[in-house]
1. Over all alpha-carbon pairs of the range 2-125, lay out the pair-distance distribution in 10 Å bins, whole %, shortest bin first.
2. What distance in nm separates the two pseudo spin-label positions at residue 6 and residue 79, each 7 Å out from Cα along the beta-carbon direction?
3. Placing one identical point scatterer on every Cα of the range 29-100 and ignoring solvent, what is log10 I(q)/I(0) from the Debye formula at q = 0.11, 0.15, 0.17, 0.21 Å⁻¹?
4. Trypsin sites (Lys or Arg not before Pro) within the range 1-67: which are DSSP loop residues with at most 12 other Cβ atoms inside 10 Å?
Amino acid sequence: MTAELQQAVAKYAHALDELNVPELEAVLAEDTTWTFTMPGQRVLGPVSGRTAVLDFIRAGHTAQAGRTRHHLSNVVVTTVDAATAEVRAYLLQTRNTGESIQIISTGSTGSACVSPTVSGGLPSST
């Protein structure tokens, strides 16, 4: 289960950066919920449901300047029970405008509950 969940997290980050909606649909569970904080902003969310999260992602891609990347490292999977695990990772978010490369934020994904029974989906993340 650990390797599958690490792969799901990696696919999610690539799909997020590339706005690959079919891949995001495959990795995000229908009942996914996002809550997070960007530097200098208040807490954003919760954004609840796959459709709402995908709309939020599309709006972010439309508003951004340059190419954003989510670099995940030190991915740790902890099994909670037979159907649930927690996934944690460090995050470095960068933007390449073609003229400069910027660090947008650093931090951690907090804790994401993962249910491998939902097509390997990621039901929630913070």
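None of the figures in this text is laboratory data; all of them are computed from the coordinates on show. Note that this is a predicted model, so its numbers are computed, not measured. Glycine also receives a Cβ, built like all others from the backbone with ideal geometry; neighbour counts cover every protein chain displayed.
1. P(r) for the range 2-125, in whole percents per bin: 13, 46, 34, 7, 1.
2. 1.6 nm
3. -0.39, -0.72, -0.90, -1.22
4. Answer by residue number: 42.
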